[in-house]
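First up is the structure itself, then whatever we jot down about it.
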Amino acid sequence: MPSKYKKQLLAQILKKNVGIEYLSRYLNGKTDKELFKMNVSVVSYEDTKPYIDRIVDARWGQIQHPFE
């Protein structure tokens with residue numbers, strides 16, 4: 001994928017996800033690509049596992065108790 005498209009894709013991803021908890025730790029509500037590159041390092045599955053587990057738990061709770 002050419003660099004131009006990667007930059008556009010990153011801009012779209014940042015704009016769409018600016019308010020999520022993980023990114024808000026690094027970007028303070030901004031969508032600046034340079035700020036992202038300076039502050040957000042490459043992570044492993046283990047780094048993001050707590051966030052993934054919370055999403056799974058929330059969805060499981062909705063399935064188990066859909067009317068609460």
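Numbers below:
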read-out	value
Region 3-64: proportion of alpha-carbon pairs further apart than 13 angstrom, %	69 percent
Additional length obtainable on full extension of the chain from LYS49 to GLN12, 0.36 nm per residue less Cα span	10.9 nm
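Readers should treat all values here as calculations from the given coordinates under stated rules, not as data from a laboratory. Owing to the predicted nature of the structure, the values given are computational and were not obtained by experimental measurement.
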